[in-house]
Amino acid sequence: MDHSDVLDRAARPRVADGPAFDLTLSKLLRPPVRPGTIARPALIERLVNGDAPPIVSVVAPAGYGKTTLLSQWAERNSQAFAWVSVDEADNDPRVLLTYVAEALHAAEPISGRVFDALASPLSSVYGSVLPRLASAFASMTAPVVLILDDVHLLHNPECRAAVSVLADHVPAGSRLVLAGRGGPPLRVARLRTEARILEIGARDLSLTSAETASLLRDAGITLGDADVAGLHQRTEGWPAGLYLAVLAIREGGSPGQAALSFGGDDRLVSDYLEAEVLERIPQRQRAFLTRTAVLERMSGPLCEAVLDSPGSATILAELARSNMLLVPLDRRGQWYRYHHLFRDMLLADLDRREPDLVPVLRHRAADWCLRHDLPEAALEYSIATGDVRTATRLVERLSVLAYRQGRLTTLQRWVRWLEDQGGIDGHPLAAMWASILAALTGRPADAERWADAVDRWQRAHPAGSADPYLEANAALLRALLCRHGVEQMRADADAAVQGFAAQNVPMPAAEALQGVARVLCGDLDGGEASFEVAASIGEQAGAHETLAETLAERSLLAMGRGEWDRAEALADQARTVLRRARREALPVCVVQARVALHRGDAAALHQELLNAQRLRPVLTYAQPHLAVQARIELVRVHLALADLAGARTLMREIDELLKRRPGLGTLVSEAEALRAYLATQRGKSVPGASALTAAELRLLPLLSTHLPVPEIAAELFLSPHTIKSQMKSIYRKLNASTRTQAVTRARDLGLLEGLRPAHARRWSGPRARALVVTDSIQANTSRACRRPARAGSSTDRGAIRAAQRAGGAEARAKARLTSLLSVCSPAEAAGLGA
């Protein structure tokens with residue numbers, strides 16, 4: 001990702017708000033077909049066949065020409081090809097899917113909503129990102145071949161599940177091609193049964209005797225028929241083995257001896273490389289090859305720095321000209337990588353001959369990358385070397401950027417590596433960022449654990465002896481987690497504001513938390529003043545999420561004072577900020593829902609409640625003030641809609657949060673009033689979609705994948721028994737009996753994105769103001785809107801009854817609303833009553 005300054009930027013249309021991070025664009029370029037490569041017309045004919053299945057699997061060990069075959073196919077075919085060369089860094093679903101989105105966008109422009117979901121750290125991969133991308137793929141107007149090469153490098157379960165989902169959305173005439181050394185992450189048995197997969201294996205890719213002879217002739221090597229047959233037999237047609245034999249002969253080996261001595265079994269390749277290739281090239285070139293194999297990517301200056309040899313750039317250029325299994329990464333001849341098979345063999349040779357040199361070379365690579373503004377590459381080399389100190393410093397530097405880019409899986413991998421290496425304890429800034437980012441992404445246990453590490457560091461450092469910047473960050477973290485009540489939160493927020501001001505560091509989050517603490521302590525005017533400062537700093541600093549959440553807090557204050565015009569204006573500003581930044585935030589959804597309820601906008605209210613359901617699992621006890629506040633406001637909305645089931649579900653979550661964080665000031669009394677009111681309600685409460693718990697909402701998107709229950713349990717760090725219990729509850733609330741029905745129902749209701757049925761609901765019309773987010777009321781309201789009653793019509797009695805039921809729901813909602821006024825402030829009650 002950090003090599004973007006050395007890569008060609010292909011001239012192709014880009015969406016205005018494209019990827020959130022710089023791409024290694026060479027990964028999106030089709031590898032060129034090398035001169036002298038043997039053509040594979042029979043295999044290509046199978047691929048170009050118009051009746052071929054939509055999924056193509058090319059599986060074979062290293063060196064069988066998988067990439068070469070696909071490149072030849074693309075070169076001969078006029079169809080659009082979208083190519084992604086997968087590498088280890090793609091084991092982050094947002095990274096992988098960003099490359100897939102870019103590849104498809106180069107073939108045919110796709111919706112910017114795909115990139116919006118990819119850019120938002122809080123958007124669900126399974127709930128938003130993948131459904132939007134799959135829909136974009138399925139909706140392409142012209143056939144396209146999407147190739148994921150080296151897909152065996154994907155070991156992240158989310159990435160493998162994402163590929164499986166994409167396989168279900170290949171449009172007619174298009175193909176999804178997965179090439180790798182192992183079986184693809186697909187339900188291959190089912191695809192075979194459905195005749196939806198074409199499989200090409202090592203036997204298909206092996207060269208025939210005639211092709212072996214042709215390869216030798218094209219290389220200018222003359223062998224007798226017996227020697228050709230012997231070489232083909234010993235290599236079993238393995239293309240890489242034959243190419244290595246050609247290299248050996250070119251370097252001075254005997255053609256006949258190459259045929260006799262080569263062992264085609266890939267376990268003998270390293271020995272063959274040693275005896276027939278590396279031994280025959282000059283020592284200087286051999287040292288260059290083996291030592292630079294530690295590099296993921298090579299340039300002349302990087303090689304010179306790593307080898308501490310001024311002539312290394314010249315050797316790299318010579319090797320590139322000799323076609324020594326180098327893959328160019330740009331069109332200027334500056335950056336290369338080794339063919340994967342060749343690199344594996346070189347690393348094995350280096351590990352045998354100079355094992356102590358490996359960490360030294362990687363350390364030099366990290367230093368060079370740091371000097372040339374490639375911090376992420378430096379971090380990966382530091383991790384490979386085990387350099388905890390440098391890696392910790394780089395994680396501290398890159399954490400916020402990775403979060404803003406949505407690369408949460410990558411960020412979690414870095415932090416877990418540091419923790420495993422003891423790089424969290426004793427490094428307070430790394431622990432602080434790890435805790436804050438865990439809190440923001442809904443991982444409260446991690447947030448608590450790393451916050452404890454900060455506390456241990458502070459206890460070991462007397463007040464005033466530590467770095468003031470670290471002290472300010474520690475106070476900010478304590479205020480965010482609010483583990484000791486709102487009075488302590490207020491003191492911590494004040495300390496953070498003062499500490500950052502003394503360092504002249506703009507930190508709008510500190511002022512925002514100060515405002516929240518003041519409001520929760522009953523100081524509304526003081527809270528408003530802090531929010532104004534936070535909004536001003538946030539706008540200047542480009543802190544979009546903090547700015548939007550601050551505007552949402554100010555909107556709630558305005559609602560409490562009955563200033564609905566101001567509240568609506570602030571809520572709209574918050575939404576605009578988030579849309580511009582391609583971000584999401586539950587507090588903004590909540591105030592938008594309150595505003596929509598006030599003005600009777602049923603369509604907007606419905607959408608905001610759906611958005612709130614998707615985002616609710618992220619707000620946990622790691623951000624207790626926001627988690628409880630948002631749910632209290634949602635309880636009020638659901639009560640106004642006569643949705644007792646939804647309100648009670650939220651109330652139970654509030655109670656659980658208050659057990660963990662009991663000292664939340666005025667929120668406690670608000671929750672008590674709502675709890676008391678709910679206790680008086682005896683109406684029928686049938687759990688529906690609105691009654692899904694945060695845990696069930698977290699699970700729901702995973703049901704849309706092909707992951708089995710044990711893998712889902714591992715993904716969520718829960719037991720399979722717990723997952724099965726939650727699935728049963730989801731089925732009951734969605735009126736489904738199977739996993740497929742539950743996913744279909746969730747998509748129909750808008751809880752999951754993706755391809756929607758043609759009869760998807762449209763909420764509009766005056767009767768929709770009676771909208772209640774339980775299934776029965778939804779059905780009545782939408783039916784009344786679609787089929788307006790016509791008095792005296794005997795043929796439309798169903799519509800009349802539906803309208804009457806919707807009207808009854810509206811009357812019941814108004815009755816509930818009257819009772820609800822008792823738990824609101826006078827000004828707020830006046831606003832709701834309107």
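Odds and ends about this structure:
- Arg284, sole failed condition from (1) open to solvent by less than 40 Å² (accessible area, probe 1.4 Å); (2) over 26 Å from Gly224 (Cβ atoms); (3) at pLDDT 75 or above: (1)
- Number of positions in segment 56-115 that are of a type in the set (Phe, Trp, Tyr), closer than 30 Å to Gly127 by Cα and over 22 Å from the mean Cα position of the chain (by Cα): 1
- On the stretch given as segment 593-628, residues that are part of a helix (DSSP H, G or I) and touching a Lys or Arg at 6+ places or on another chain (Cβ under 6 Å) total 3.
- Checking Ala581 against (1) modelled with pLDDT of 90 or more; (2) open to solvent by less than 20 Å² (accessible area, probe 1.4 Å); (3) not aromatic (Phe, Trp, Tyr), the condition it does not meet: (1)
- When segment 156-171 is filtered for residues that are under 15 Å from the mean Cα position of the chain (by Cα) and open to solvent by 40 Å² or more (accessible area, probe 1.4 Å), the ones remaining, listed by number, are Pro157, Arg160.
- Residue that is nearest to Gln458 (Cα to Cα) [pool: residues in segment 425-436 that are free of Cβ contacts under 8 Å to residues at least 40 places away in the same chain and open to solvent by less than 10 Å² (accessible area, probe 1.4 Å)]: Ala431
- Lone unmet requirement of (1) closer than 30 Å to Asp420 by Cβ; (2) in contact with an Asp or Glu (Cβ under 6 Å, 6 or more places away or on another chain) for Trp450: (2)
- The combined condition, being at pLDDT below 85, of a type in the set (A, V, I, L, M) and buried (at least 18 other Cβ atoms within 10 Å of the Cβ), is fulfilled by Ala258.
- As a summary of the residue check, Leu191 satisfies the conditions (1) in contact with a Lys or Arg (Cβ under 6 Å, 6 or more places away or on another chain); (2) farther than 19 Å from Val95 by Cα except for the one numbered (1).
- Screening segment 681-725 for residues that are of a type in the set (D, E, K, R) and in contact (Cβ under 8 Å) with a residue 60 or more places away in the chain and picking the one that is farthest from Asn156 (Cα to Cα) gives Arg698.
- Subset of segment 537-550 [open to solvent by less than 30 Å² (accessible area, probe 1.4 Å) and in contact with a Gly (Cβ under 9 Å, 6 or more places away or on another chain)]: Leu547, Ala548, Thr550
- Residue in segment 471-483 that is more than 19 Å from Ser435 (Cα to Cα), out of contact with any strand residue (DSSP E or B) (no Cβ under 6 Å at 6 or more places or on another chain) and not small (Gly, Ala, Ser) present: no
- Residue list for segment 101-125, restricted to those being over 30 Å from Thr546 (Cβ atoms) and open to solvent by 30 Å² or more (accessible area, probe 1.4 Å): Ala106, Ala107, Glu108, Pro109
Listed here are the residues, each with its yes/no results for (1) modelled with pLDDT of 80 or more; (2) on the phi < 0 side of the Ramachandran plot; (3) not in a strand (DSSP E or B).
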site: Ala10; (1), (2), (3): no, yes, yes
site: Leu23; (1), (2), (3): yes, yes, yes
site: Ser26; (1), (2), (3): yes, yes, yes
site: Gly50; (1), (2), (3): no, yes, yes
site: Gly63; (1), (2), (3): no, no, yes
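- Conditions (1) open to solvent by 10 Å² or more (accessible area, probe 1.4 Å); (2) in a helix (DSSP H, G or I); (3) more than 16 Å from Pro624 (Cβ to Cβ); (4) not hydrophobic (A, V, I, L, M, F, W, C); number of the one not met by Asn473: (1)
- The residues in segment 383-406 that are among the basic types (Lys, Arg) and either touching a Ser or Thr at 6+ places or on another chain (Cβ under 8 Å) or open to solvent by less than 10 Å² (accessible area, probe 1.4 Å) (or both) can be counted, and the count is 0.
- For Arg661: the one exception among (1) charged (D, E, K, R); (2) free of Cβ contacts under 8 Å to residues at least 60 places away in the same chain; (3) closer than 22 Å to Leu556 by Cβ: (2)
- Residue tally, condition at negative phi, modelled with pLDDT of 90 or more and open to solvent by less than 40 Å² (accessible area, probe 1.4 Å), over segment 126-155: 19
- Considered as a group, the residues in segment 28-48 that are among the charged types (D, E, K, R) and either at pLDDT below 75 or assigned to a loop (DSSP other than H, G, I, E, B) (or both) include one that is nearest to Thr193 (Cα to Cα), and that residue is Arg40.
- Of all residues in segment 229-241, those being under 13 Å from Ala210 (Cα atoms), open to solvent by less than 20 Å² (accessible area, probe 1.4 Å) and among the aliphatic types (A, V, I, L, M) number 1.
- Of the listed requirements (1) under 30 Å from Pro31 (Cα atoms); (2) touching a residue at least 24 places away in the same chain (Cβ under 8 Å); (3) assigned to a helix (DSSP H, G or I), Trp417 misses just one: (1).
Results for (1) over 36 Å from the mean Cα position of the chain (by Cα); (2) in a helix (DSSP H, G or I), shown as yes or no for each residue.
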| residue | (1), (2) |
| --- | --- |
| Arg286 | yes, yes |
| Arg291 | no, yes |
| Pro301 | no, yes |
| Arg321 | yes, yes |
| Asp330 | no, no |
| Ala348 | no, yes |
| Pro359 | no, yes |
| Leu379 | no, yes |
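The values are calculated or read from the model by the stated rules, or taken from the named source; none is laboratory data. The shown structure was predicted, so the numbers you read here are calculated from the model rather than taken from an experiment. Please note: Cβ atoms are built from the backbone with ideal geometry, for glycine as well, and neighbour counts cover all protein chains shown. Side chains included, ligands, DNA and RNA excluded: accessible areas come from the protein's heavy atoms. Shrake-Rupley method; radii C 1.70, N 1.55, O 1.52, S 1.80 Å.
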